[in-house]
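Accompanying notes for the structure given below.
We did not get these values from a lab; they are worked out from the coordinates using the rules stated. What you see is a predicted model, and the numbers here were worked out from it, not measured in a lab. Neighbour counts are summed over all protein chains in view; Cβ atoms, including those assigned to glycine, are modelled from backbone coordinates with ideal geometry.
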Amino acid sequence: MSMKETAEAIDQEAANWAALSDRGLSDEERVRLDQWLAGDMRRIGALARAQAIWFHAERAGALGSEVLEADRARRLPVLSRRAALIGSAALAASLAAVVLIPRLTRDATPMTSALGEIRRISLEDGSVMTLDADTRVTVAYTAQARRVTLLSGQAYFEVAHDKARPFYVNARDLVVRAVGTAFSVRVFDGLPVLVLVSEGKVSVSRLSQPRAAAPLLVESNYSVNLLDADKWTPPTPVRHDEDEIGRALSWREGMLSFEGETLGEVVSRFDRYGRNRIVIDDPKLAEERITGLFAANDPKGFATAIAVSLGAQVRAGQDEIHLSR
Amino acid sequence: MHPLDPQRSRWLTAHVVPLEPELRRWLKHYAGLSSWDIDDLIQETYAVLATRESVDDIRNPRTYIYQIAKSLVLQGLRRSKVVRIEAVSDIEKFDVQSETLSPERHAMGRDELKRVADAIRAMPPQTRRAFTLRRVEGLSQREIAAAMGLAESTVEKHIARAIQQLMKQFGRGGKSARTASMSEHAADLQEDPAPNVDERDRRGH
């Protein structure tokens, strides 16, 4: 038998091609890739696997900064310089807050999500806030304004329309203002603040900027990376197609996490995501306790896994999935 | 279908990547494959799924993926000169559904996240930075080059290394890592005339 190329060698080459594909292949590279692929079926599989695993790594966003930024020793001088800058911005922020909304600090309610956990929170005005894993916010509602401060992490806001009470998200020294819209804001350690708008539009301003300065408008299907104040030149929002927006926001559908909730409660969490409702036809079954992490957008896969674990039966209807025992 | 088709990749990401560690364990314990045969077979399984005309008709991805792996194992056994009757019957007897009962299935989401975390921890600092900017922050490779003050071709290499690290991490079947020295040792082994269940090696026929 002739010498066979090892799976490991193929994987290495596949990783190189996946990285090239990630930045976009030239025509000439495409031809070379197809030649390479034609040599062995395993290469096709290795490349498909490389890209699937690469896409999968988007979930790294759920890991939190201690894993992503573990090279602290190297970054420390940069961080401390930035901390000083944020310090002065925060001072400006607190002054502005005192003038504009005196009750801010008294009413702020902290909310957090744990590592690997995605939380969807309904606010009192009907707005919905989705917290990505490892996210900290405070929420302060007054008669004049609705204000969320994103301390760290990432959150997606679906804002209920209320002209009388604008909806603000504070992130570092930025203020994102929305009336009725849907957008996400991200504050990750060591990275610029990202604002991404999926519906309507928002305006972004800085607490420290002069009153006369025009805020930056970000429209639906645009995103913008906002660097720290010391590097501030008004950035140009980048346009995305629907697919890209969907992918950028896919963390929201990423995973649902349960720690001993009843199946009844778990199923109602799935209701917010899937088109296929899970219906439990057996009240005793609804009392079973569930622990685990599940793809929120796959109620059917969830129902099947649960059915096998709990010795139940699944019956898939038109829009409903029935579980019984 | 081209193996880089993004929609197909998404499907593979959703259905095959999370299943891979479990599938590898199954190939080792029930089909009795050696670790290199498992690597080959995983690549072949992805190839079948990547080149399939459509995946819309696959109603139960998990069962289907096992079916493919199983038929590839059987093909391999039929091709080899020495057919291990006991291996074939082991596979035929094995019911994919019963594997679903194992409690580890519930821990899978966390296990997957842990694999990604382990891969990131194993990356050199520059690679990890490039990875974070690309996968978490969503900057393009060109933007990363500008942000890190590197040539674009260097960023490309960091990304390739990151992908390789992730592939390695998902290539580890069990909870404990398969070390390089172990697989090198396995590579030196000749066909054992009386193999034990875990170390059957079909290679060389």
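Given R₀ = 35 Å, FRET efficiency for A:GLU261-A:GLN313 by Cβ-Cβ distance, to 0.05?
0.95
Compute the Cα gyration tensor for the range A:136-247, then decide on rounded, prolate or oblate, letting a ≥ b ≥ c be the square roots of its eigenvalues: rounded whenever a/c is under 1.5, prolate when a/b is larger than b/c in the other cases, and oblate in all that remain.
Here the range A:136-247 falls in the rounded category.
Modelling each spin label as a point 7 Å along the Cα-to-Cβ direction, I'd like the A:ARG277/A:LYS300 distance in nm, to one decimal.
1.8 nm
According to a simple spin-label model (label point 7 Å from Cα along Cα-to-Cβ), what is the distance in nm between A:THR236 and A:ASP27?
Those two pseudo-labels are separated by 2.7 nm.
For the range A:43-49, take each phi angle, set θ = phi - 60°, evaluate the Karplus expression 6.51 cos²θ - 1.76 cosθ + 1.60, and give the result in whole Hz per residue in order, putting x for glycine and proline.
After applying 6.51 cos²θ - 1.76 cosθ + 1.60, I find 5, 4, x, 5, 5, 4, 5 Hz.
Calculate the FRET efficiency for A:SER268 and A:LYS163 from the Cβ-Cβ distance with a Förster distance of 41 Å, rounded to the nearest 0.05.
0.80
Determine ³J(HN,Hα), in whole Hz, for all residues of the range A:8-17 in sequence, where each value follows from phi through the Karplus function 6.51 cos²θ - 1.76 cosθ + 1.60 and θ = phi - 60°; x replaces Gly and Pro.
Working through the residues one at a time gives 5, 5, 5, 4, 5, 5, 4, 4, 4, 5 Hz.
Beyond a 21 Å Cα-Cα separation, which of these cross-linked pairs lie in this structure: A:LYS300/B:LYS114; B:LYS70/B:LYS114; B:LYS28/B:LYS168; B:LYS114/B:LYS168?
A:LYS300/B:LYS114; B:LYS70/B:LYS114
How far apart, in nm, are two points set 7 Å out from the Cα along the Cα-to-Cβ line at B:LYS114 and at A:ASP40?
So the label points at B:LYS114 and A:ASP40 sit 3.2 nm apart.
Place +1 on the Cβ of every Lys and Arg and -1 on the Cβ of every Asp and Glu in the range A:118-200, take the dipole about the Cα centre, and give the residue among A:TYR168, A:GLY190, A:SER152 whose Cα lies farthest towards its positive end.
With unit charges placed on the Cβ atoms, the residue in question is A:TYR168.
Given a Förster distance of 30 angstrom, what is the FRET efficiency for B:ARG121 paired with B:HIS2, based on the Cβ-Cβ distance and rounded to 0.05?
Here the calculated transfer efficiency is 0.35.
For a footprinting-style exposure proxy, rank A:ARG32, B:ARG115 by other Cβ within 10 Å, fewest first.
So the residues, fewest neighbours to most, are A:ARG32, B:ARG115.
Could you put A:LYS300, B:LYS28 in order, starting from the residue whose Cβ has the fewest other Cβ atoms within 10 Å?
So the residues, fewest neighbours to most, are A:LYS300, B:LYS28.
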